[in-house]
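All of the numbers you see were taken from the coordinates with simple rules; none came from a lab. All values derive from a computational prediction rather than experimental measurement. Reconstructed Cβ throughout: ideal geometry from the backbone, glycine too, with neighbour counts over all protein chains shown.
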Amino acid sequence: MAERLNRYLARHGVASRRGADQLIEQGRVEVNGVPAALGTPVDPAHDVVTVDGRQVGEPIPLRTLMLNKPAGMVSTRTDPQSRPIVLDLVDDPRGLYPVGRLDADSRGLLLLTSDGDLALRLTHPRYGVTKVYRATVDGHAAAAALRTVVAGVHLDDGPARALDARVVATQRGGEVVEVTMAEGRKREVRRLFAAAGLRVTDLCRTAIGPLHLGHLREGHARPLTTVELRHLYDAVGLAPPRRR
């Protein structure tokens, strides 16, 4: 049965669907020796797919891990600047790619998965998967500033707003604001807070949809439990994979 090329590549752990589309647009993907186009159908039983001249192999097992990302690491599979990447923290990174990136200077909950369909739905605003952060701000987070964060502002890449923002702790020199977001554009929380007059000095993601960081130590990763997987797949309207 034929399927779209980007889904085929995602299912084989080459890249997320969006990443696969980029590979196709860059001319790095061929089907039966012919450069592929976006939307090309693939019959896994008969077609030969190559990326950079290498044949795509058998589908990899579907895995999803929770990682507590430290600051100073980038949430990508590779980095042209040779900075440390989050996959360096995983014993077996084959087929895994980050979902919902965190900036290099941010930390906290990051998901790594080999399931391209799951990754797509977790990052698409249509499916309404919320993300919760704890943002430490410099000084006092005035009520008016927090109202601005929730009411929304217009950034250079479009409107942005939080679903909720409230002070949950006070510490020397600043306050900790728990903020819930419906999407996660590049550095969106920091830029949103800056537009409201708040400077974020530390940002930690604590939850993605039904998943919570809990007591997972910084720099460590673990597979999701059967219950966590079920709740995560339910949140995006997918059937969880069967464990072998």
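How high is the FRET efficiency from A194 to V34, r the C-beta distance, R0 35 Å, rounded to 0.05?
On the way: r = 48 Å, r/R0 = 1.36.
Calculated value: 0.15.
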**Item:** Distance from segment 95-127 to segment 153-183 (C-alpha centre basis), Å
**Value:** 20
**Request:** From zero up to wherever the largest Cα-Cα distance of segment 130-208 sits, split into 10 Å bins and tell me the percent of pairs in each.
**Result:** 21, 60, 19, 1
**Message:** From the helices alone, meaning DSSP H stretches of at least four residues, give me the mean residue ellipticity at 222 nm for the chain, per-run term -39500 (n - 2.57), in deg cm²/dmol to the nearest 500.
**Reply:** -6000 deg cm²/dmol
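Roughly speaking, what is the stretch gain from D92 to A239, that is 0.36 nm per residue apart minus the C-alpha to C-alpha distance, in nm to one decimal?
Values: separation 147, 0.36 × 147 = 52.92 nm, distance 2.47 nm.
Fully extending the segment from D92 to A239 adds 50.5 nm.
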**Request:** With a point put 7 Å past each Cα toward its Cβ, work out how far T225 is from D105 in nm, to one decimal.
**Result:** 3.6
**Prompt:** Across bins of 10 angstrom width beginning at 0, how are the C-alpha pair distances of segment 3-55 distributed, in whole percent?
**Reply:** 30, 65, 5
**Fill in**
For the pair R83 and D47, the simple spin-label estimate (label points 7 Å beyond Cα toward Cβ) gives in nm 3.6
**Asked** Hey, rough spin-label estimate for Q55 and D164, points 7 angstrom out along Cα→Cβ, what's it come to in nanometres?
**Response** 5.3
**Item:** 20 °C / 1.002 mPa s Stokes-Einstein diffusion coefficient of the chain, Kirkwood radius on C-alpha pairs, µm²/s
**Value:** 111
